[in-house]
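Some notes on the structure that comes next.
Readers should treat all values here as calculations from the given coordinates under stated rules, not as data from a laboratory. On a predicted model such as this, the values are computed, not experimentally measured, just so you know. Don't worry about glycine lacking a Cβ; one is built from the backbone with ideal geometry, like all the others, and counts go over all protein chains shown.
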Amino acid sequence: MSTKDDTPKGMRKGLTSYGDAGFSLFLRKAFIKGMGYSDAALDRPIIGIIDTGSDYNACHGNMADLVEAAKRGVMLAGGLPIPFPTISIHESFSHPTSMYLRNLMAIDTEEMIRAQPMDAVVMIGGCDKTVPAQLMGAASANLPAIQLVTGPMRTGSHRGEKVGACTDCRRFWGRYRAGEIDDQEITEVNDQLVPGTGTCGVMGTASTMALVTEALGMMAPGGACAPAVSADRRRIAERSGELAVQMAAAGLTPDKIMTEAAFENALAVLLAVGGSTNAIIHLTAVAGRMGIKIDLDKFDALGRKIPVLVDLKPSGTQYMEDLHAAGGLVTVLRELREHLNLDCLTVTGRTLGEEIDDAPTGFAQNVVSNREAPLFAEGGMAVLRGNLAPRGAIIKQSAANPDLMVHRGRAVVFNSIEDLTRRVDLPELDVTKDDILVLQNAGPKGAPGMPEAGYMPIPRKLAEQGVKDMVRISDARMSGTASGTIILHVTPEAASGGPLALVRDGDEIELNVPDRAITLHVSEDILAERRAELSVPVHPNSDRGYRKLFLETVTEADLGCDFDFLVPVPQATGQADG
Ligand code: FES
């Protein structure tokens, strides 16, 4: 029996439909030869390289260099690199919020990988939503794929102090709001927070996604931490191109790498690095594309075993460039070894365990603690449940105030982001430091797009009294660079009629993080009365286009906020537990 693989490769893949395959190939080659390619070049394995450069996106400002280095790697390994664009998303240039566009980028990525002839793909992303979008697209296209990130930015310096986006952005802005620094200083620091290209240099979503993607096995070993403007970053790009050629030859598709066990590794790393709460939504979405359900209760149980080991802002004090100097992710993986599934395959075709064993030797450093002396005894995040969040809510406990972990207070409710903006700083707002701020209608359908509005500002009159933290609860997300006692992703969201929509000013709410509980102390009878009067928010301009698609098909946080029609059918119709 012949073992010959007759699947079309390279230029012969996915021919445009003209009803005559020979003519389709003839025409395709005629057009690409217009750019000067020879038949010999076109006979090589073709490696697509996704270029997400954009003049709106400083996080991807080194894209041209990385594309060049990845092309070099592909050619050194005998392939033909063909870069192509997809959309690019930057956090600060995406209205209403970048999360609103993540699924659009995932569709773009998946369909362009499918539509164009390539045997493997190098996906270059970096800014928060781009890596999840690319992994989601690659998972669904299931072509050999390797993730390359643009890498973190270096730190800047303000009046002798090291600063970096974006924990310090929030810290300085908080000080400005409280009247501690003046207009001149806030302008000065604005020049220093992003001193060059690359992704945010703290343990925000971009850094977290880079680290969990390496742990997942979808990135060249050692690929997560090298700064955007370093020779290491370019070498990683070259290596990624080389690996893509090998993956094409071996048929190493995402379904062989992104297994349930690999997602467990990613979750262990998410906890140990004190990563962004956004990553749990993104990992849920990527896993969902593979038909894998991330179980929040299992994640919480893992969090009780895995401590935070990495001393990076906002949970700690340092920056990604320091983690790179400390050896990068493998320094963390060594400490986590007993919690990892070491047999998981990576993009190298070798297992995670083999890659850890063969990594450069560890050395004394002060960024990654050992297991016996962790930064925080439990994992960075905890999952809360209760009558206020029947399908779960998240708190980043490592970046919260220990004194507020058990707290009961009076609700001060804002029914939308606009309401919050309008009233939070009013001198007459009835609020004290012991109250609990509640924001409704900021979830996937509510805002829409589940913006990072969960980091509600401390009301100005309290900020001016020196109040730095309060319990804040919402169905929104929070930037990974932010900190505070902030409960996020309350599910079901208010706009879907979740209990969060039923909270009124003056209600008593109780938070108990050690017990993983969040309770609204209002009787069922009163809640039923309020439920009967509830109306769903109506968004303007939602009767057509992407906004209509988004509002009609986006799932809730516990399902990754993917569109229901993009996940395999069994999950698309399923609801989360609880
Ligand atoms: Fe792009 Fe922070 S804004 S990574």
message: Just to check I understand the Karplus step: with θ = phi - 60° and J = 6.51 cos²θ - 1.76 cosθ + 1.60, what whole-Hz values come out for the stretch 467-478, glycine and proline as x?
response: 6, 9, 8, 8, 6, 10, 10, 7, 9, 8, 9, 9
statement: Under 5 Å from the placed amide H of residue 392, counting only residues 5+ away or on other chains, we find 386, 491
statement: Inter-part gap, Cα centre of the stretch 331-391 to Cα centre of the stretch 463-484, in whole angstrom, is 27 Å
- line: With label points set 7 Å from each Cα along the Cα-to-Cβ direction at residue 20 and residue 410, the distance between them in nm comes to 8.2 nm
statement: Note, residue 291: beta-carbon cut-off 10 Å, +1 each Lys/Arg, -1 each Asp/Glu, net 0
- request: Pairs of Cα atoms under 8 Å, at least six residues apart: use those to get the relative contact order of the stretch 100-242, whole percent.
  value: 26 percent
- prompt: Amide H to amide H, which residues 5 or more places from residue 158 or on other chains are under 5 Å from it, using H placed in the peptide plane?
  reply: 163
query: Over the Cα atoms of the stretch 224-368, Rg to Rh with Kirkwood Rh, two decimal places?
result: 0.95
query: Rounded to the nearest 0.05, what FRET efficiency do residue 426 and residue 260 have when you use their Cβ-Cβ distance and R0 = 60 Å?
result: 0.75
- prompt: Over all pairs of distinct alpha carbons, what does the Kirkwood formula give as the hydrodynamic radius of the chain, in Å?
  reply: 24.4 Å
field: Among 68-80, 118-130, 403-415, 423-435, the order from most to least packed when residues are scored by Cβ within 10 Å on average
entry: 118-130, 68-80, 403-415, 423-435
- prompt: In whole angstrom, and with the biggest value first, how far do the Cα coordinates of the stretch 87-194 range along each principal axis?
  reply: 56, 28, 15
query: Hey, any idea what the orientation-averaged projected area of the convex hull of the stretch 431-484's Cα atoms comes to, in nm²?
result: 3.7 nm²
message: Per residue of the stretch 310-320, what does 6.51 cos²θ - 1.76 cosθ + 1.60 with θ = phi - 60° give for ³J(HN,Hα)? Whole Hz please, x for Gly and Pro, Karplus curve as stated.
response: 9, 8, 10, 4, x, 6, x, 10, 10, 10, 4
message: Cross-link candidates for residue 293: which aspartates and glutamates have Cα within less than 15 Å, leaving aside residues fewer than 8 places away along the same chain?
response: 255, 260, 264, 556, 558, 562, 564, 577
field: Rough spin-label spacing in nm, given labels placed 7 Å along Cα→Cβ, for residue 539 and residue 468
entry: 3.6 nm
- request: Compute the signed sum of charges (Lys and Arg +1, Asp and Glu -1) over the other residues within less than 11 Å, Cβ to Cβ, of residue 478.
  value: +3
task: For the stretch 329-435, take the alpha-carbon Rg, divide it by the Kirkwood Rh, and send me Rg/Rh.
output: 1.17
message: Quick query: amide H of residue 487 versus all other amide H atoms, modeled in the peptide plane; which residues come in under 5 Å with a sequence gap of 5 or more or a different chain?
response: 472, 473, 474
query: What cysteines in the chain have no other cysteine with a beta carbon less than 4.7 Å from their beta carbon?
result: 200, 225, 344, 561
In order through the stretch 339-347: 3J(HN,Hα) via Karplus (6.51 cos²θ - 1.76 cosθ + 1.60), integer Hz, x for Gly, Pro: 9, 9, 8, 6, 7, 5, 6, 10, 4
query: For the stretch 317-356, which trypsin sites (Lys or Arg not before Pro) are in a loop by DSSP, counting at most 14 other Cβ atoms within 10 Å?
result: 350
message: Given a Förster distance of 30 Å, report the FRET efficiency between residue 515 and residue 337 from their Cβ-Cβ distance, rounded to the nearest 0.05.
response: 0.45
statement: FRET efficiency for residue 508 and residue 363 from the Cβ-Cβ distance with R0 = 41 Å, rounded to 0.05, comes out at 0.20
- request: Considering Cα pairs under 8 angstrom that are at least six residues apart, work out the relative contact order of the chain and quote it in whole percent.
  value: 13 percent
field: Per DSSP, loop trypsin sites (Lys or Arg not before Pro) in the stretch 1-47 with at most 11 further Cβ within 10 Å
entry: 4
field: Inter-site label distance for residue 186 and residue 161 at 7 Å from Cα along Cβ, in nm
entry: 1.5 nm
Difference of contour (0.36 nm per residue) and Cα-Cα distance, residue 496 to residue 387: 37.7 nm
Cα-Cα over 20 Å, subset of 129/298; 433/461; 9/29; 13/129; 433/468; 129/445: 129/298; 13/129
